[in-house]
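**Student:** To start, I am sharing the structure in question, which I have written as structure tokens.
Values quoted throughout were computed directly from the atomic coordinates according to the rules given, and no laboratory measurement underlies them. Small disclaimer: the values here were computed from a predicted structure and weren't measured. No Cβ is skipped: glycine too gets one built from the backbone with ideal geometry, and neighbour counts run over all protein chains shown.
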Amino acid sequence: MFHVSQLDSTTSPAYESLTFQYARPLLQQLNERPTSLALGAEWRDGARKTEAVGLLLLHCPAGSEGAEVVSLFVKAPYRRRGIGTALLRLAEGLLQERQRSKLSLIYYSGKPITPAIESFLHREGWSPPETEGKVYTADMRIAEAPWLQKTGMPSGMRSFYWQELPGEEKTRLEKLEGSLYPAYLSPFKAVLPLEKRNSLGLRARGETVGWCITYRIAEDTVLYDSVYIAPEYRLSGCAFMLIAQSISIQLEHRIPRAIFAVNREAPFMRRMLDRWLGPYTTGISERKSAHKDLCVKGGLAVGTSHG
């Protein structure tokens with residue numbers, strides 16, 4: 001039988017291997033992070049020692065009524081036993097107690113597990129999936145792309161390491177989310193660990209006018225998540241040059257894999273990646289999302305056992 005329950009910083013270490021490298025700090029700081037919620041499943045086989053077999057990790061953004069699935073994983077020998085379903089159902093109850101009204105999930109097309117995910121979402125009353133964008137994967141062969149040599153910026157513009165962004169400039173840009181740039185292009189996402197070595201900003205006339213933000217999601221993988229250029233500079237080609245600079249730095253550090261994510265609301269960037277990156281990718285998939293509306297209520301248990 002298995003038992004699912006909420007985790008804290010003292011009970012979570014046994015589950016660290018069940019999530020992505022970038023998400024492990026969320027587990028380690030559960031007591032200090034009110035925006036994180038973790039649920040674990042342990043297998044109990046008679047008198048034998050219990051084993052951590054499943055983990056659901058959620059991000060509950062401050063100021064939001066929703067929550068997002070960061071990762072959901074069940075060890076292979078224990079799948080198809082209802083563990084994932086039990087974790088999500090317990091999460092729904094805990095989120096209702098916290099007055100959270102929506103649970104969201106991101107997944108990708110073309111994976112072996114995709115049909116099972118979509119079957120589960122339909123069965124459990126989630127919304128029909130929506131395509132949020134495209135995802136391109138690449139390896140070290142991208143070094144063969146001739147356009148990587150085009151890294152020089154137009155006159156009056158220069159790139160800089162994003163970690164060097166002054167505090168007052170960071171504050172100014174944070175206040176402009178929703179007016180200067182959409183939330184999905186924010187360079188200040190809190191869940192993922194910034195890859196300092198090749199996250200770049202762009203300056204012109206003394207102000208930050210763009211960025212290419214990357215995150216280290218695994219030891220061998222960098223995610224290119226947010227590329228933004230102010231409208232008045234988009235025809236200069238600097239977006240392309242900024243991406244080329246960032247990729248070149250990644251290759252210099254011998255980080256072999258890259259993932260490029262582009263939102264459906266950024267058709268210009270999607271066309272650019274299709275043309276210039278497409279020939280050097282190892283795969284292209286769709287990024288999909290679904291959500292479940294939760295009825296807010298209280299008084300639910302914090303752990304359940306299943307035989």
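**Student:** Loop-only check: which trypsin sites (Lys or Arg not before Pro) in the range 2-79 are DSSP coil with at most 12 other Cβ within 10 angstrom?
**Tutor:** Numbers: sites: Arg44, Arg48, Lys49, Lys75, Arg79; in loops: Arg44, Arg48, Lys49, Lys75, Arg79.
Listed in order of number, the matching sites are Arg48, Lys49.
**Student:** Something else: Average the reciprocal distances over every distinct pair of alpha-carbons in the range 149-202, invert the result, and give the Kirkwood radius in Å.
**Tutor:** Working: mean 1/r = 0.0782 Å⁻¹.
Hydrodynamic radius (Kirkwood, Cα pairs) of the range 149-202 is 12.8 Å.
**Student:** If you take every DSSP beta bridge fully contained in the range 140-281, what fraction is antiparallel? Give it as a percent rounded to 5.
**Tutor:** Numbers: 19 of 24 bridges.
Looking only at bridges with both residues in the range 140-281, the antiparallel portion is about 80 percent.
**Student:** Looking at Pro154, Ala204, Pro166, which one has the Cα that reaches farthest to the positive end of the dipole of the chain (charges on Cβ: Lys, Arg +1; Asp, Glu -1)?
**Tutor:** Pro154
**Student:** With just the Cα atoms of the range 1-130, tell me how far they stretch along each of the three principal axes, in Å, largest first.
**Tutor:** Result, largest extent first: 44, 35, 27 Å.
**Student:** Also, quick follow-up: Sort Asp220, Asp45 so that the residue with the fewest other Cβ atoms within 10 Å of its own Cβ comes first and the one with the most comes last.
**Tutor:** Working: Asp220 13, Asp45 10.
Going from least to most buried by this count: Asp45, Asp220.
**Student:** Could you size up the charge dipole of the range 140-281 around its Cα centre, putting +1 on the beta carbon of Lys and Arg and -1 on that of Asp and Glu, and report it in debye to the nearest 20? Display every interim value, and only then the final one.
**Tutor:** Details: 19 positive and 15 negative charges, 48 e Å.
Dipole of the range 140-281, to the nearest 20 debye: 220 debye.
**Student:** Using a ≥ b ≥ c from the Cα gyration tensor of the range 140-281 (square roots of the eigenvalues), is it rounded, prolate or oblate, where a/c under 1.5 gives rounded and otherwise the larger of a/b and b/c decides, a/b for prolate? Could the numbers behind the result be given before it?
**Tutor:** Numbers: a/c = 1.45, a/b = 1.28, b/c = 1.13.
Judged from the Cα gyration tensor, the range 140-281 comes out rounded (a/c under 1.5).
**Student:** What is the magnitude of the charge dipole of the chain about its Cα centre, with +1 placed on the Cβ of each Lys and Arg, -1 on the Cβ of each Asp and Glu, and no other charges, expressed in debye to the nearest 20? Before the final figure, lay out each step's value.
**Tutor:** On the way: 39 positive and 32 negative charges, 87 e Å.
Charge dipole of the chain: 420 debye, to the nearest 20.
**Student:** How much FRET efficiency would the formula 1/(1 + (r/R0)^6) give for Thr171 and Thr131, where r is the Cβ-Cβ distance and R0 is 45 Å, rounded to 0.05? Spell out each step's value before the answer.
**Tutor:** Details: r = 34 Å, r/R0 = 0.76.
Efficiency for this residue pair is about 0.85.
**Student:** How are the C-alpha pair distances of the range 110-188 spread across 5 Å bins, as whole percents from the shortest bin up?
**Tutor:** 3, 9, 10, 11, 13, 15, 13, 11, 9, 4, 1, 0
**Student:** Take the residue pairs Lys75/Lys196; Lys49/Lys102; Lys111/Lys175; Lys75/Lys111; Lys150/Lys196; Lys134/Lys196 and return only those whose Cα atoms are more than 29 Å apart. Spell out each step's value before the answer.
**Tutor:** Values: Lys75/Lys196 32 Å; Lys49/Lys102 36 Å; Lys111/Lys175 38 Å; Lys75/Lys111 17 Å; Lys150/Lys196 22 Å; Lys134/Lys196 24 Å.
In this structure, Lys75/Lys196; Lys49/Lys102; Lys111/Lys175 exceed 29 Å between Cα atoms.
**Student:** Per Stokes-Einstein, at 25 °C and 0.890 mPa s, what whole-number D in µm² s⁻¹ belongs to the range 90-151, with the Kirkwood radius over Cα pairs as the hydrodynamic radius? Let's see the in-between values first.
**Tutor:** Values: Rh = 15.5 Å.
Estimated via Stokes-Einstein, D reaches 158 µm²/s.
**Student:** Given Leu277, Leu235, Tyr215, which one lies farthest toward the positive end of the charge dipole of the chain, if we put +1 on the Cβ of every Lys and Arg and -1 on the Cβ of every Asp and Glu?
**Tutor:** Final value for the positive-end residue is Leu277.
**Student:** Also: Quick one: longest stretch of the chain between exposed loop GluC sites (Glu not before Pro), exposed meaning at most 13 other C-beta atoms within 10 Å and loop per DSSP?
**Tutor:** 125-218
**Student:** Calculate, in nm to one decimal, what Leu251 and Ala183 gain on full extension: separation in residues at 0.36 nm each, minus their alpha carbon distance. Could the numbers behind the result be given before it?
**Tutor:** Values: separation 68, 0.36 × 68 = 24.48 nm, distance 2.87 nm.
Stretched fully, the Leu251-Ala183 segment lengthens by 21.6 nm.
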